[in-house]
Structures are given as C-alpha cells and as structure tokens.
C-alpha cells in the first residue's frame with residue numbers, strides 16, 4: 001500500500017516564494033499594503049499608526065479587545081508609535097499543525113499574512129469561527145492560567161465565543177478613584193513599556209474612564225486554524241511572561257494605600273508651568 | 001454569551017501560619033484560583049520559606065484543601081473563612 005509522506009513545511013522557502021530575500025538579519029516585503037519584515041524567529045507586520053483624531057492614537061498601549069495580534073508599539077529611538085503584528089515562525093514550522101482539510105490559503109505563511117491584513121482595521125475575517133472550546137483548552141497547559149509573582153497572584157481566562165478567541169489576565173479589577181492623574185500616567189508608562197518591550201501581548205486600561213481595569217491579553221481571533229495548536233501555547237507563554245514582569249509594578253502603582261511624593265512631582269511641575 | 005474560564009467572584013478570608021505569628025486579612029482572591037497557588041502566595045507574603053510545599057487548612061473543619069481545585073469551591077463562603085498555611089510534611 002502506498003503511503004504519502006508529507007515533507008515538513010519550510011517557512012524559509014515559503015518566505016522566498018512570498019518575495020522575501022535571504023537577508024543576513026532581516027528581509028522585508030509587502031503584503032496587501034502592509035510592510036512585512038522577516039527575521040530568524042519572527043515575522044513582523046507593520047501598519048501606520050491610527051490617525052491622531054482617533055482616541056486610540058493617544059494611548060501608547062492596547063488597543064484591547066480588537067481581533068488579531070495588532071498592537072501599538074513605541075519605537076525606542078524615534079519615540080513614535082506604530083502598529084505591529086508579531087508572528088512567531090515557530091508556529092509555522094510544525095507541519096502537523098496544518099491539517100489537509102484546511103479552508104484557508106494553502107500556504108501557512110500567506111494565510112497568516114492574510115489574517116494580519118484582515119484584522120488591521122479591527123475586523124474579524126468573513127466566515128471565521130473559533131475552534132471548539134475543548135480543543136483550545138487542550139492546548140493550554142495545566143496551571144497555565146495562574147501566574148504567581150511572590151505574594152501576588154493573577155488568574156487568566158479563556159475568552160471563547162463564536163467570533164472571538166483570546167486569553168486575558170486581569171491585573172487590576174478596578175483602578176481606585178483615589179489614584180491621581182499623575183500616578184495614572186506612571187502606570188500608563190509601565191503598560192506602554194511592557195507592550196513595546198515584549199511581542200504578541202497587549203496590555204492596557206479598559207472600561208469606565210474613572211475606574212478602569214488593567215488587563216493583558218493575546219488575541220487569536222481570525223487566526224488560521226492550522227497554526228493555532230502551535231500558536232496558542234506560544235501566546236500563553238508570552239502572556240505569562242508579561243504578566244509576571246509587570247505584576248509587581250502595576251499592583252504597587254495601583255494600590256491606593258501606597259503614597260509617594262515623587263509620583264506626584266511630574267504633575268506638580270506641569271501644573272506650575274501651565 | 002462570553003465563556004470566561006476561571007472567573008467566579010472574589011473570596012475574603014483571614015489566614016495565619018501554623019504558629020500564629022503571621023496573620024493576614026485577604027480581601028480579593030479570585031474564587032477560581034487553585035488553593036495550592038494561593039497557599040504559596042500567602043507563604044511568600046508571610047515571608048515563610050519558599051522551598052517548602054505549603055498547603056491550606058480550613059479552620060472550620062480542619063480539612064486540608066486540595067491544591068489543584070479552586071479555593072472558592074472548598075470553603076464555606078457563607079461563614080467567616082479562616083485558613084491556616086500549613087507545611088505539607090509527614091513523619092517517617
């Protein structure tokens with residue numbers, strides 16, 4: 001009986017086919033109007049920042065709750081915000097994760113770039129639905145939804161709806177109204193730094209403006225099903241890392257019982273100069 | 001309807017170590033957190049050694065809570081919950 005051997009998916013060859021050269025560090029191309037950079041471990045898709053009139057453009061974090069892996073990143077040198085979508089190549093290299101009955105584009109890399117292009121405007125791709133909840137839960141490691149950092153604990157949750165698939169950790173349930181604008185600005189800096197520093201994960205404030213919650217999330221809404229088995233554990237690891245990295249600072253800054261004159265100094269300086 | 005795995009309210013309790021040296025009031029533990037993770041976090045807060053496996057005992061019935069099960073499912077939330085952080089050791 002003849003058996004068909006499927007050769008492993010070679011993401012480098014697929015990259016060349018998609019127009020990427022083999023650069024020493026990073027090669028670039030364009031896909032449906034987006035700038036795409038390809039390095040040893042990541043595909044980074046870049047889009048223009050939201051227009052200044054958009055309230056989201058004023059926030060150097062988030063935007064939370066939007067489909068896909070798009071997020072605002074502040075470049076270290078230029079200090080300018082831009083939108084990026086980070087895709088780990090490891091998620092594309094597992095041939096078993098790409099079943100034959102797929103409905104997406106034949107090539108995993110192209111399917112993922114299509115996903116980025118479809119979600120850049122915050123829209124879920126037509127016809128996309130979440131895989132069954134049980135299947136997604138099986139990709140989440142035991143205990144993976146709990147992060148402990150010393151005496152601090154944070155629990156994550158799987159957001160599974162027909163048209164939404166994400167993991168979210170709530171770092172602060174409701175920011176105290178006693179937190180001053182100056183201190184909130186410090187908190188915003190921590191969130192923006194975390195979001196710019198680490199890939200895939202969005203972190204920010206959301207909800208009522210006077211008492212927002214602080215959340216970190218990874219959103220796979222619209223992702224080709226073929227990459228999810230590899231992409232979900234990678235996203236969970238990234239999310240756990242960012243939560244553990246930022247939990248102390250966020251908890252400390254949002255604890256109304258803690259006071260520090262230095263936190264208010266910047267605001268006083270601004271008040272005096274205006 | 002959103003399917004949020006692991007979110008089921010907040011638990012308030014008083015916790016102490018076995019010697020009664022450290023006593024803390026906890027107001028905001030998510031009920032869905034595994035009891036084992038809560039025990040380790042409390043041990044850290046009480047500056048107890050981190051290389052010891054800690055568990056939680058419910059003072060109302062002396063039952064040792066299951067590490068892997070949500071803490072909110074293992075205590076009677078209708079009463080004042082008091083827990084003891086206990087090292088999981090045995091003789092012999």
Restricting attention to region B:44-61, the residues that are more than 10 Å from chain A (Cβ to nearest Cβ) and out of contact with any strand residue (DSSP E or B) (no Cβ under 8 Å at 6 or more places or on another chain) number exactly 3
Residue set B:39, B:30; condition at pLDDT 95 or above, within 13 Å of chain A (Cβ to nearest Cβ) and either more than 17 Å from residue A:148 (Cβ to Cβ) or under 13 Å from the mean Cα position of the chain (by Cα) (or both); output residue B:39
From the option list A:173, A:150, A:122, single residue qualifying as facing chain B (nearest Cβ under 8 Å), modelled with pLDDT under 95 and at positive phi is A:150
Counting only residues that are modelled with pLDDT under 95 and within 21 Å of residue A:46 (Cα to Cα), region A:204-222 contains a total of 1
Residue A:223 being touching a helix residue (DSSP H, G or I) at 6+ places or on another chain (Cβ under 9 Å), part of a loop (DSSP other than H, G, I, E, B) and closer than 21 Å to residue A:83 by Cβ: yes
Only one of B:58, B:67 is in contact (Cβ under 8 Å) with a residue 12 or more places away in the chain, closer than 13 Å to residue B:18 by Cα and surrounded by 12 or more Cβ atoms within 10 Å (Cβ to Cβ), namely B:58
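The values are calculated or read from the model by the stated rules, or taken from the named source; none is laboratory data. As the structure is a prediction and not an experimental result, all values here were calculated from the model. Don't worry about glycine lacking a Cβ; one is built from the backbone with ideal geometry, like all the others, and counts go over all protein chains shown.
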